[in-house]
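Right, one structure below, let's go through it.
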Amino acid sequence: MESIGLKVGIEFHQMLDTKEKLFCNCPTSLVKEFKGSIVRRRLKATRSELGEVDRAAMLEEIRGREYVYEAPHEASCLVELDEEPPHNINREALETALKIALALHADPVDEIHVMRKIVIDGSNTTGFQRTALIALGGYIDIGTKKVPIQTICLEEDAARKISESEGEVVYRLDRLGIPLIEIATAPVITSPEEAELVAAKIGQLLRVIGGVKRGLGTIRQDLNISIEGGGLVEIKGVQYLELIPKVIEYEVMRQINLLKIKKELQERKVDLTKNKVEIVDVTDVFKETECKIIRDSVKRGGKVLAVLLPGLKGVLGREIQPGRRVGTELADYARVWGGVKGIFHSDELPKYGIKPDEVTKVFSVLGGSPEKDAFVLIADKEEKARRALQAVIERAELLPICIPSETRGANLDGTTHYSRPRPGAARMYPETDIRPVRILPEWLEELKKQLPEPPEIKFKKFVEEYGLSRELAQKILLSYRLDLFEKLVKKYPNVSPTLIASTIENILKSLRRDGVPIENITDEHIEDVFDKVSRNMLAKESIPEVLKYLAENPSLSVSEAIEKLGLIKVTEDEVRDYVKEILVKFSEEIMKRGSRADKLVMGIVMKKYRGKLDGALIYRIVKEELERYLHL
Amino acid sequence: MEKYGGYSQEIIEVLEKEGIEIYDKIKIIKNGKEYVGLLMPRPFYGDPCCIVIKLSNGYNIGVAFNEKTKVILLEKSTGTRSRATEVDELEKSTGEVAIVNTGGTISSKVDYLTGAVYPAFSTKDLYGMVPEIKNIASIRARPLFNILSEDMTPKHWEIMAKVACEEFKKGAIGVVFTHGTDTMHFSAAALAFAVQRASGPIVFVGAQRSPDRPSSDAFLNLLSAVITAKKAPFAESVIVMHGESSDTYCYVHRGVKSRKLHTSRRDAFKSVNDVPLAKVENGKIIILNDRYVPREEKPDNISLKAKFDEKVLLVKVYPGCNPEIIRWAIDCKYHGIVLEATGLGHVPQPMVKYVEEAVSEGIPVAVTSQCIWGRVNLNVYRRGVELIKAGAIPCEDMTPETALVKLMWILAQTRELEEVRELMLKNFVYEINERLLL
């Protein structure tokens, strides 16, 4: 990875668990069932005095959308609806954010100024996000190196998208205004493993300090990735920590493959900018087509437009990420800029009902050669198809030139899709409805006192008091769930801390290697498991099995898992009776071996009761009964 | 030093010594740390000892300054930032709809770099803000004032009335006033009385959210105002603002029957004791109320009576209020008093004799209700009857604000008490609604 000049920066957005939102007094919880008002709005891309409009903002305006806002009475007020000016910045959020900054060795600024950052995809009712820079600098120590932090900001979260359809997006305002802390590292991370480590360490620190929300969706990671000779790509919305290394690997793969294609095209002297690429109406070619998609579109008043991409034969079908080809990229662009559902391209045809002779005809109409060239077809309303093809042309033109810098979205399998162009210089100006906040050194001193104990002290405690091995102690100190470990050790004093640490660190990792979706396992699941262990209702040998089951059925409780897996614990007495039975049944063998018969008996008894009672306890029972039997 | 904003004297001296001006690129060295950014003007609140800079990532931060802090000039700023727009050559240009700017949130623009707010008022600015206007009417922009509406005075109404009359005589088919929302209903009422028999409507429009925000209500409001100016069949002084929180339609409220009833909502303005004249939705105007003054055929038929007597006192009545305020008004030689009374038009007992006194001095006392909705009726309860006997003028269903403006307008024409009484009860521009519906 070093040789390709991989540089990764991570931006964390963590929801804070404050009583009230950042700029109003609504609670910070999401509602499951919506009860409230619905308001419809449009957002205008505003022009700077120089008449410029931010590219990404223009994109949204082109789409001409209407935004439908669900304002739940439980979790939003006039402030979220942009019907009332914001209230003063939430003190609790400010404190938590400053504590996090101090723990990261960053320097809080002397005076915090809240800014408005223009965002017009509708996710902020005002058309901007309120954000403030609260600290500069700092670092996160991952053992092998100290990764510098560039900025720490406190900002409001956006509304959450509920649905999207033609010309309309529905957002719910419960999430809008929840305080987020944004931590941006410098782009000096050089491997996927390092990235995961940084994410785990920062995630751990946030949880240990407290005041942050937990669960899926409460922390979102954006990655900035570049390789030597490639493009600077921002990947948004990597939902969970374990996905980070995969996303990085696949993005590197994508860029390396695109660089290979670029080299080949340059060697072939392919240049799409030489002559103007024309968009041609080929609806007539498909007059009698059997392709349902085209037929339906034309019936609804659409046209079939095509564009010739000279020299690109075979390139569109080339895979650049698992399951994604160059053609898939072009389809993304078409979707984003034209709002069309998809494209057809010659590398995958004939297919979908499009026949070989139709393909030949299209090449002919476009004046291209099926041996050297490729084409892209779109069937949709003319205006949309045209916009979509224009975007396809622009992207295709870059194939022999460079890898564009863009914003991409993460898919659940670790691949990414094109999302939008990188926004221009952030349009930010002061939020004059909020007074700047002066941060005095005395306050920072107070907050410093509230920071958790440093890792060295914890290490000592884990080894000396909790009896963990040095290796396990190191591991758990780097764990995302460090705070959960400490909580459970205190809560269940009759459970071995080594068991708890080993479950969190070793067992979960081992399950992940086996392909179990451990991202579905919540803190609550783990706590519940140890609750059952501490009450002797679950044998420790069964923990992996139960966790595996919960990962695959996350809505179940541990009790239900225990039942479904037949792991219901038996009583000592039941086992004792069984042991006595076995002793009688195999009395000959047992008399022969004497006290060394314990292994034999254990084997038989464990076959029946493994996991239903603690192994050590079963052994004790076997030894006791054997002893008694031999002395009779 | 205005040019620096609210910085402390100490900081200003250092800046001047280094030849640093606002928006210059500077480096601040403090406690071994360096901060590089553009110097921003200091707001007039907060700590004057914090230097505000804009970092390269766009964020502003404040850096506390002490004797050990060093400030260095790195680069002078390039070019001048935008200033207020120069006056258009509008006298030459013609337009069907005149848009007259008096100030307010709606006609401001922001310099995104500095965050400074400037008045934005040229035809170019307006078309830039709402390009769709081009499809509705040709406009000419006329800057008049640039004041916050809370600073409006009757003198301003007089000038606005004269300007409106001028524009109609020049051939405008409608005149739009951009205005702050705080006192828009006062101005709208004033012009309703001052300018009558016009050949088109006078349309007041404002915004609750400034136009630098993508969510601003200014866009729909301004577009709807121009549509109203061009297409409305009536020639009344009206207010056009959002009809609901959604960006779906605007209402056209009769100026003398409207009021700002919410501090911040887009639909803050409502028609009180009347139905809105019209609704503007999807580019069309839909008439909701048949009771309106139609357009005059000839622009010269316009009648201008643009004088307002400022010496009128508006008094809100409340439990335990000191009735001597009326004595004070008499002593200060006020020409009229409007009471914002309770319920059907009642006041505490002690006030009655002061009302009598004022009337006997020839000072008209008009009675309205702080209920806002409903009609005043002094015949129903004894207190009301006492007020009638004292000579008070019950103002039907006029809002306190409209009654105030009307009394100012009448007193500028006559001080004769009985004439004033008659004119207050005469329905000039549908300011009185004889039929209140549910």
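The values are calculated or read from the model by the stated rules, or taken from the named source; none is laboratory data. It should be emphasised that the depicted structure is a prediction, and the values quoted were computed from it without experimental measurement. So basically every Cβ, Gly included, is an ideal-geometry build from the backbone, and we count neighbours across all protein chains shown.
Can you tell me which residue in region B:312-340 is farthest from residue B:398 (Cα to Cα), limited to those that are of a type outside the set (D, E, K, R) and in contact (Cβ under 8 Å) with a residue 40 or more places away in the chain?
Across region B:312-340, the extreme among qualifying residues is B:335.
With respect to the numbered conditions (1) closer than 20 Å to residue A:16 by Cα; (2) buried (at least 17 other Cβ atoms within 10 Å of the Cβ); (3) away from every other protein chain (no Cβ under 14 Å), which one is the sole condition not fulfilled by residue A:134?
(3)
Kindly check whether there is at least one residue in region A:152-159 that is touching a residue at least 12 places away in the same chain (Cβ under 8 Å), under 18 Å from residue A:212 (Cβ atoms), away from chain B (no Cβ under 12 Å) and assigned to a strand (DSSP E or B).
Yes: region A:152-159 contains one or more residues that are touching a residue at least 12 places away in the same chain (Cβ under 8 Å), under 18 Å from residue A:212 (Cβ atoms), away from chain B (no Cβ under 12 Å) and assigned to a strand (DSSP E or B).
One line per residue, one yes/no per condition, for (1) in contact with a helix residue (DSSP H, G or I) (Cβ under 8 Å, 6 or more places away or on another chain); (2) surrounded by 17 or more Cβ atoms within 10 Å (Cβ to Cβ); (3) more than 8 Å from every other protein chain (Cβ to nearest Cβ); (4) outside any loop (DSSP other than H, G, I, E, B):
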| site | (1), (2), (3), (4) |
| --- | --- |
| B:15 | yes, yes, yes, yes |
| B:19 | no, no, yes, no |
| B:27 | no, no, yes, yes |
| B:34 | no, no, yes, yes |
| B:37 | no, yes, yes, yes |
| B:44 | no, no, yes, no |
| B:48 | yes, yes, yes, no |
| B:56 | no, no, yes, no |
| B:63 | no, yes, no, yes |
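Just checking, which of A:599, A:623 is exposed (fewer than 14 other Cβ atoms within 10 Å of the Cβ) and assigned to a helix (DSSP H, G or I)?
None of the others qualify; the one that does is A:599.
Which of the residues belonging to region B:1-13 are out of contact with any helix residue (DSSP H, G or I) (no Cβ under 9 Å at 6 or more places or on another chain) and free of Cβ contacts under 8 Å to residues at least 40 places away in the same chain?
Answer for region B:1-13, where residues must be out of contact with any helix residue (DSSP H, G or I) (no Cβ under 9 Å at 6 or more places or on another chain) and free of Cβ contacts under 8 Å to residues at least 40 places away in the same chain: B:2, B:3, B:5, B:9, B:13.
Only one of (1) among the basic types (Lys, Arg); (2) over 30 Å from residue A:552 (Cα atoms); (3) touching a residue at least 12 places away in the same chain (Cβ under 8 Å) fails for residue A:620. Which number is that?
With (1) among the basic types (Lys, Arg); (2) over 30 Å from residue A:552 (Cα atoms); (3) touching a residue at least 12 places away in the same chain (Cβ under 8 Å) applied to residue A:620, the lone miss is (3).
Here are A:176, A:206, A:223: which of them is out of contact with any strand residue (DSSP E or B) (no Cβ under 6 Å at 6 or more places or on another chain) and aliphatic (A, V, I, L, M)?
Among A:176, A:206, A:223, only A:176 is out of contact with any strand residue (DSSP E or B) (no Cβ under 6 Å at 6 or more places or on another chain) and aliphatic (A, V, I, L, M).
Among the residues of region A:73-81, are any within 8 Å of chain B (Cβ to nearest Cβ) and either in contact with a strand residue (DSSP E or B) (Cβ under 6 Å, 6 or more places away or on another chain) or at pLDDT 95 or above (or both)?
yes
Looking at region B:358-386, which of the residues that are outside any loop (DSSP other than H, G, I, E, B) and over 17 Å from residue B:420 (Cα atoms) is farthest from the chain's Cα centre (by Cα)?
Ranking the qualifying residues of region B:358-386, first place goes to B:382.
Would you confirm whether or not region B:118-135 contains a residue that is touching a helix residue (DSSP H, G or I) at 6+ places or on another chain (Cβ under 7 Å), in contact (Cβ under 8 Å) with a residue 12 or more places away in the chain, away from chain A (no Cβ under 14 Å) and not in a helix (DSSP H, G or I)?
No, region B:118-135 contains no residue that is touching a helix residue (DSSP H, G or I) at 6+ places or on another chain (Cβ under 7 Å), in contact (Cβ under 8 Å) with a residue 12 or more places away in the chain, away from chain A (no Cβ under 14 Å) and not in a helix (DSSP H, G or I).
Can you tell me which of B:147, B:159, B:106 is under 25 Å from residue A:118 (Cβ atoms) and either away from chain A (no Cβ under 14 Å) or in contact with a helix residue (DSSP H, G or I) (Cβ under 6 Å, 6 or more places away or on another chain) (or both)?
Checking each option against the conditions leaves just B:106.
Name the strands (runs of 3 or more DSSP E) wholly within region A:374-452 that hold at least 3 residues that are of a type in the set (Ser, Thr, Tyr)?
Those strands (runs of 3 or more DSSP E) span A:416-421.
Please go through region B:222-241 and pick out each residue that is within 14 Å of chain A (Cβ to nearest Cβ) and buried (at least 23 other Cβ atoms within 10 Å of the Cβ).
Matches in region B:222-241: B:222, B:224, B:241.
Could you list all residues from region A:100-120 that are of a type in the set (A, V, I, L, M) and either free of Cβ contacts under 8 Å to residues at least 40 places away in the same chain or within 11 Å of another protein chain (Cβ to nearest Cβ) (or both)?
The answer is A:109, A:112, A:114, A:115, A:118, A:119, A:120.
Anything in region A:549-559 that is under 26 Å from the mean Cα position of the chain (by Cα) and surrounded by fewer than 22 Cβ atoms within 10 Å (Cβ to Cβ)? List them, or say none.
If the condition is that a residue be under 26 Å from the mean Cα position of the chain (by Cα) and surrounded by fewer than 22 Cβ atoms within 10 Å (Cβ to Cβ), then A:549, A:551, A:552, A:553, A:554, A:555, A:556, A:557 are the ones that fit.
Might you check whether a residue that is among the β-branched types (Val, Ile, Thr), touching a Ser or Thr at 6+ places or on another chain (Cβ under 6 Å), more than 14 Å from every other protein chain (Cβ to nearest Cβ) and assigned to a loop (DSSP other than H, G, I, E, B) occurs anywhere in region A:188-204?
no
When you go through B:374, B:384 one by one, which is the residue that is touching a residue at least 60 places away in the same chain (Cβ under 8 Å) and more than 21 Å from residue B:331 (Cα to Cα)?
B:374
In this structure, is residue A:546 surrounded by 14 or more Cβ atoms within 10 Å (Cβ to Cβ) and either within 30 Å of residue A:204 (Cβ to Cβ) or of a type in the set (S, T, N, Q) (or both)?
yes
Can you say whether residue B:431 is closer than 22 Å to residue B:185 by Cβ, of a type in the set (D, E, K, R) and either assigned by TED's automatic domain parsing to the domain that holds residue B:257 or touching a helix residue (DSSP H, G or I) at 6+ places or on another chain (Cβ under 7 Å) (or both), as far as the supplied structure shows?
yes
Among the residues of region A:516-535, is any surrounded by 13 or more Cβ atoms within 10 Å (Cβ to Cβ), modelled with pLDDT under 90, under 47 Å from the mean Cα position of the chain (by Cα) and under 19 Å from residue A:494 (Cα atoms)?
no
Which members of region B:306-317 meet the condition of being part of a loop (DSSP other than H, G, I, E, B) and in contact with a strand residue (DSSP E or B) (Cβ under 8 Å, 6 or more places away or on another chain)?
Scanning region B:306-317 gives B:306, B:309, B:311, B:317.
Within region B:258-270, can you find the residues that are buried (at least 22 other Cβ atoms within 10 Å of the Cβ) and over 15 Å from the mean Cα position of the chain (by Cα)?
Answer for region B:258-270, where residues must be buried (at least 22 other Cβ atoms within 10 Å of the Cβ) and over 15 Å from the mean Cα position of the chain (by Cα): there is none.
Residues A:447, A:468: which one is surrounded by 15 or more Cβ atoms within 10 Å (Cβ to Cβ), within 30 Å of residue B:55 (Cα to Cα) and more than 13 Å from chain B (Cβ to nearest Cβ)?
Exactly one of A:447, A:468 is surrounded by 15 or more Cβ atoms within 10 Å (Cβ to Cβ), within 30 Å of residue B:55 (Cα to Cα) and more than 13 Å from chain B (Cβ to nearest Cβ), namely A:447.
One residue is enough: does region B:111-129 have a residue meeting the conditions at pLDDT 90 or above and not hydroxyl-bearing (Ser, Thr, Tyr)?
no
From the list B:300, B:274, exactly one residue is in contact with a strand residue (DSSP E or B) (Cβ under 7 Å, 6 or more places away or on another chain), of a type outside the set (Val, Ile, Thr) and outside any strand (DSSP E or B). Which is it?
That would be B:274, the only listed residue that is in contact with a strand residue (DSSP E or B) (Cβ under 7 Å, 6 or more places away or on another chain), of a type outside the set (Val, Ile, Thr) and outside any strand (DSSP E or B).
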